[in-house]
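K.L.:
Quick one: this structure, given as structure tokens, is what I'll be asking you about.
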Amino acid sequence: MPRVLYLVHDLCDPAVRRRVAMLEAGGAAVTLAGFRRALDIPPELERLSPVDLGRTRDGRFAQRLAAVAAAALSLGSRLKGVMRPDVIIGRNLEMLVLAARARARSWPSVPVVYECLDIHRLLLGQTPASRTMRAAERRLCREASLILTSSPAFIRDYFRPIARIDTPAVLLSNKVLELSGKPQSLDEKRPLPTAGRPWIIGWFGALRCRKSLDLLAAFTRAMEGRFEVVLRGRPARSELPDFERFVAAEPFMRFEGPYRNPEDLARIYGAVHFSWAIDFFEEGLNSDWLLPNRLYEGCRYGAVPIAMRRTETGRFLAGRDMGLLLDEARPPALARVLGPLGEAEYMRLREKILAEDRATWVSDLSDCRALVERLANLPTGIGANLQLQAA
């Protein structure tokens, strides 16, 4: 059983819970350490007795850097009782710093893996700070054995041309994790908008995009109740400080709180017709490159995705002739795509998604085992990535 030391930026992030589940299902013994952005760590992770590195604040990058610097100084003592791992994974750049520190101080021959699922905007500018951060990332990646990332665009458009990082990379998509062997059934009785019922758009997950919120509010008002928006997940207070007040004032929008992934997915996606797979949070950069959780979740449960054509999500859907694609982010453009939609056309769009191979949307036990096997067979030592490339 390979031992994995998993260093994470937020112990309270639901995505961390899913990755831990994937590693354990694949046969790894996981030691968890990291910061947290809420008071309480989920019980599914609390059972692992994670090493708590302290609390950080969403959107406060300087505070996070200070917390990482402080953790680096005390990391050796904090990990003193941890059994020697076979691999160290750093989730996001700040945790890659700590992963490299842990190896240098305690386990010099243990391979390090960089898990990068978002490219922070501070890495993408031409300021001295951005150049310094990219240089630090490049240096750290020279000593990493592998990059785990969730979209081919991150490799194609960032790591190779901008960051000039050639560390081997593996695509680990944000698919729905199903481990029971008994997939949740789809709700085939999803009501269509007959007899005055509205079409329902579901926007689920990390709610951080002001432009999406404004666009959907203006669109639903213009359509006078023919469309409604249901929001679920965790609003980013740093980006949407007035989230509850804003949504409460909208006649055709409602927030229904957080949800559990994967336990609640069939229920919440089964109650909507469309999935909002658009994010303008870092428009033209990270938001254009990512393939988000909601893309896979919505399609797995038969909700028709809405995406921007020019993004990686749009290209993913266009290549499969699926979903509804927008050319511009304005209420009239959304109305042109959704307004004329009838029951027959909607069912055609939905059946196209349901006919797709389930493996396009789902990670199962075999995927978990393949991941852990890849991690267990990484070369060791400082020059590990050079050895892997030569092989």
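The values are calculated or read from the model by the stated rules, or taken from the named source; none is laboratory data. Only a predicted model underlies this, so the values are computations on that prediction, with no experimental measurement involved. Quick reminder, even Gly has a Cβ in these numbers, built from the backbone with ideal geometry, and neighbours come from all protein chains shown.
K.L.:
For G270, work out the one condition from (1) surrounded by fewer than 24 Cβ atoms within 10 Å (Cβ to Cβ); (2) at pLDDT 95 or above it doesn't fulfil.
P.N.:
(2)
K.L.:
Any residue in region 340-354 that's in the same structural domain as A318 (by TED's automatic domain parsing): show its pairings with residues that are surrounded by 10 or more Cβ atoms within 10 Å (Cβ to Cβ) and among the β-branched types (V, I, T) at Cβ separation under 6 Å, as long as the two are six or more apart or on different chains.
P.N.:
Final answer for the pair search is L349/V304; R350/V304.
K.L.:
Output the number of the condition that A359 fails; it satisfies all remaining conditions of (1) exposed (fewer than 13 other Cβ atoms within 10 Å of the Cβ); (2) under 20 Å from the mean Cα position of the chain (by Cα); (3) in contact (Cβ under 8 Å) with a residue 24 or more places away in the chain.
P.N.:
The number of the failed condition is (3).
K.L.:
Can you pull out every residue in region 32-86 that is in contact (Cβ under 8 Å) with a residue 60 or more places away in the chain, in contact with a strand residue (DSSP E or B) (Cβ under 9 Å, 6 or more places away or on another chain) and under 22 Å from L123 (Cα atoms)?
P.N.:
G34
K.L.:
Could we say that G181 is at pLDDT below 95 and closer than 26 Å to Y6 by Cβ here?
P.N.:
Taking the combined requirement at face value, the residue satisfies it.
K.L.:
Of all residues being more than 21 Å from L290 (Cα to Cα) and touching a residue at least 60 places away in the same chain (Cβ under 8 Å) in region 113-164, which is surrounded by the fewest Cβ atoms within 10 Å (Cβ to Cβ)? Just the residue, please.
P.N.:
Here the residue is R142.
K.L.:
Also: Restricting to region 120-169, give me the number of residues that are over 21 Å from L65 (Cβ atoms) and among the small types (G, A, S).
P.N.:
5
K.L.:
When the residues of region 48-64 are narrowed to those that are surrounded by 14 or more Cβ atoms within 10 Å (Cβ to Cβ) and within 21 Å of R19 (Cα to Cα), which ends up modelled with the lowest pLDDT?
P.N.:
D58
K.L.:
Out of the helices (runs of 4 or more DSSP H) lying entirely within region 291-358, which hold 1 or more residues that are of a type outside the set (F, W, Y) and under 28 Å from R18 (Cβ atoms)?
P.N.:
The helices (runs of 4 or more DSSP H) meeting that bar are 293-300, 312-318, 343-354.
K.L.:
Taking the condition in a strand (DSSP E or B), out of contact with any Gly (no Cβ under 6 Å at 6 or more places or on another chain), over 20 Å from P262 (Cα atoms) and not basic (K, R), does L5 pass?
P.N.:
yes
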